[in-house]
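Taking it in order: structure first as structure tokens, then the write-up.
Read-outs throughout are calculated quantities, based only on the coordinates presented, and are distinct from any laboratory measurement. As the structure is a prediction and not an experimental result, all values here were calculated from the model. All Cβ positions, even for glycine, are placed from backbone atoms using ideal geometry, and neighbour counts span all protein chains on display.
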Amino acid sequence: VYGMLLFRMTFPERSHLIEFGVVAMLIYEALSERRRSGRGVRFPALIAIGATTLIGVVDEVIQLFIPSRVFDPVDIAFNCFAAVLAVTSMAVLAFGKRTVMRRRSEDNAEIGLQ
């Protein structure tokens, strides 16, 4: 899905997906690490998406004051979409990894390797 979106979009739209996707992944990973270390972050995915969207809004508002730039609500939507896509992808991959590791552990326990 991500590849199809990148293929059909113009360069500025693609750059929003890449830039804000990376920002969202970094925020999500930082919050997830805090959660794993017991620091009480309850919903790292939602916080990462919200924070990335807020950064996108601030970025667009700044463009109101720059004569050569244009404020565009569609860009805010792309920023939010990039955050949702990136964080969802990371969460699904992490879930898959945990599932595989748990199954391997169970298989090893059954044959007495653990």
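Are any residues in the range 13-41 touching a residue at least 60 places away in the same chain (Cβ under 8 Å), small (Gly, Ala, Ser) and closer than 27 Å to Pro73 by Cα, and if so, which ones?
Gly21, Ala24
Can you tell me which residue in the range 21-36 is nearest to Phe95 (Cα to Cα), limited to those that are surrounded by 16 or more Cβ atoms within 10 Å (Cβ to Cβ) and over 8 Å from the mean Cα position of the chain (by Cα)? Even if it seems obvious, please write down each step before you answer.
Of the residues in the range 21-36, the ones surrounded by 16 or more Cβ atoms within 10 Å (Cβ to Cβ) are 21, 23-25, 27-28, 31-32.
Going one step further and asking which of them are over 8 Å from the mean Cα position of the chain (by Cα), we end up with 31-32.
Working: Leu31: 16, Ser32: 13 Å.
Going through the qualifying residues, I end up with Ser32.
Considering only the range 23-41, state which residues are of a type outside the set (A, V, I, L, M) and part of a loop (DSSP other than H, G, I, E, B).
At the first step, the residues of the range 23-41 found to be of a type outside the set (A, V, I, L, M) are 28-29, 32-40.
The answer is Ser37, Gly38, Arg39, Gly40.
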